[in-house]
Amino acid sequence: MLAVVDTNVLLSALHSDGGPPAEILDAWRAGRFRLAASGEQVEEFKRAANYPKLRPHLPRRAVGRVVNQLRRADVLLERLRRTGDSPDPGDDYLLAMAIAAGADYLVTGDKALLRLKRVAKTRIVSPLRFATVLAR
């Protein structure tokens, strides 16, 4: 199973020791699913982790570890063709990643993306829904 995990889910995983985002990060690290990432996502993750409101709540060492792990994702995409289908143009790269990778799932907490339900063959699901899939 191949998934794209939105940056907001990864940041939530680092902010909390429990809950679906942390379960997803742990499952990826344990090899229970394959991850597709991109250079653009790595840059967004680094930028967001340094936002003044988030920085005090995210362990620096854990942020660096996730950055390094994203750079070694199972599928690392560099050239993305934008779809223009996202309600927020800033999130369009996530849809492009899902399509380019042929991902089974796009995991996000973004309500606008969740309303799309699907892009190409990729199901768009919440962290709770994906954690439930992983638990099977």
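What follows is calculated from the coordinates using simple rules that are stated; it is not laboratory data. Only a predicted model underlies this, so the values are computations on that prediction, with no experimental measurement involved. Here Cβ is always computed from backbone atoms with ideal geometry, including for glycine, and neighbour counts include all displayed protein chains.
Please find the FRET efficiency linking Thr132 to Asp17, where r is the Cβ-Cβ separation and R0 is fixed at 22 Å, and quote it to the nearest 0.05.
Details: r = 19 Å, r/R0 = 0.88.
Given R0 = 22 Å and the Cβ-Cβ separation, E is 0.70.
Students often forget the sequence filter, so: which aspartates and glutamates lie under 13 Å Cα-Cα from Lys121 once same-chain residues fewer than 8 apart are removed?
Once the sequence-local aspartates and glutamates are set aside, what remains near Lys121 is Asp104.
Please give the calculated 222 nm ellipticity per residue for the chain, where each DSSP H segment of at least 4 residues contributes -39500 (n - 2.57) and the sum is spread over every residue; nearest 500 deg cm²/dmol?
-14000 deg cm²/dmol
Rounded, prolate or oblate: which one fits the chain, using the alpha carbon gyration tensor with axes a ≥ b ≥ c (rounded when a/c is under 1.5, else prolate when a/b beats b/c, else oblate)?
rounded
Can you pull the one-decimal nm distance between simple spin-label points at Ala48 and Asn68, each 7 Å off the Cα toward Cβ?
Between Ala48 and Asn68, the simple spin-label model gives 2.2 nm.
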